[in-house]
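Have a look at the structure below, then the notes.
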Amino acid sequence: MGRELGIEENHYRRESPVPTFTLRAEPGPVVVIQYSRFGHQGVYAEFRRNGGDWEPVVRGFLSGASFRDRHPLLDPARPEVREYRLRFWKDHGPIGDWTDLKRITVSP
C-alpha cells in the first residue's frame, strides 16, 4: 500500500542506475558486503582505509550476492575506518556511475 501511495520505496525493483549494498563488520576483522547486481554480470568494488588511496576489493568483479572482505588491518592493534564504493561490471570492465560511499569501522 505504501508503494502505491508513493511514500515507500519498492525494495524489489528490477533496475537501478547503480548497485545497492550494505556493510557489516564481523570479528576477524571481516567486512561483509551484501549487494544487488540488478541482472548485471557483476559488481566492481573498491575500498580505502583511513582516507588513503582507493584499492580494488578483489581483482576483477564480484558475482554473487555477498562477499567477505578479509583484508588485514594496516595496524593490527588499532581500528580503521574503511570506505567502500561499487559500480556495475560488464564483459571486461566496470561501467556506469559509482555508488555513494559507505563507511564502516573495523576493529582488531
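With Kirkwood's inverse mean 1/r over C-alpha pairs for Rh, give me the Rg to Rh ratio of the chain, two decimals please.
Rounded to two decimals, Rg over Rh is 1.03.
Looking at region 60-101, which trypsin sites (Lys or Arg not before Pro) are in a loop (DSSP not H, G, I, E or B) and have at most 15 other Cβ atoms within 10 Å? Mind dumping the intermediate values first?
Values: sites: Arg68, Arg70, Arg82, Arg85, Arg87, Lys90; in loops: Arg70.
Here the sparse-neighbourhood loop sites are Arg70.
Dividing the mean sequence gap of close Cα pairs (under 8 Å, 6+ apart) by how many residues the chain holds gives a relative contact order of 30 percent. Arranged from fewest to most other beta-carbon atoms within 10 Å of their beta carbon, Val32, Val58 become Val58, Val32.
For the chain, what is the mean residue ellipticity at 222 nm derived from helices alone (per DSSP H run of n ≥ 4: -39500 (n - 2.57); sum divided by total residues; nearest 500 deg cm²/dmol)?
It comes out at -500 deg cm²/dmol, rounded to the nearest 500.
Counting only GluC sites (Glu not before Pro) that sit in a DSSP loop (anything but H, G, I, E, B) with at most 15 other Cβ atoms within 10 Å, what is the longest stretch of the chain containing none of them? With a cap of 15 other Cβ atoms within 10 Å, the longest stretch comes to 16-108. Residue-wise HN-Hα couplings along region 62-75, as the Karplus relation 6.51 cos²θ - 1.76 cosθ + 1.60 with θ = phi - 60° gives them from phi, are 9, 10, x, 10, 8, 8, 9, 7, 10, 4, x, 5, 4, 10 Hz; Gly and Pro carry x. Neighbour counting of Cβ atoms within 10 Å sorts the residues Asp53, Asp97, Asp69, fewest neighbours leading, into Asp53, Asp97, Asp69.
Karplus-based coupling profile of region 92-108, in residue order and whole Hz: 10, x, x, 9, x, 7, 6, 6, 5, 6, 10, 10, 8, 9, 10, 10, x, with θ = phi - 60° in 6.51 cos²θ - 1.76 cosθ + 1.60 and x standing for Gly or Pro.
Values in this text are rule-based calculations from the coordinates and carry no lab data. What you see is a predicted model; the values in this text were computed from it and never measured. Note: ideal-geometry Cβ built from the backbone for every residue, glycine included; neighbour counts use all protein chains shown.
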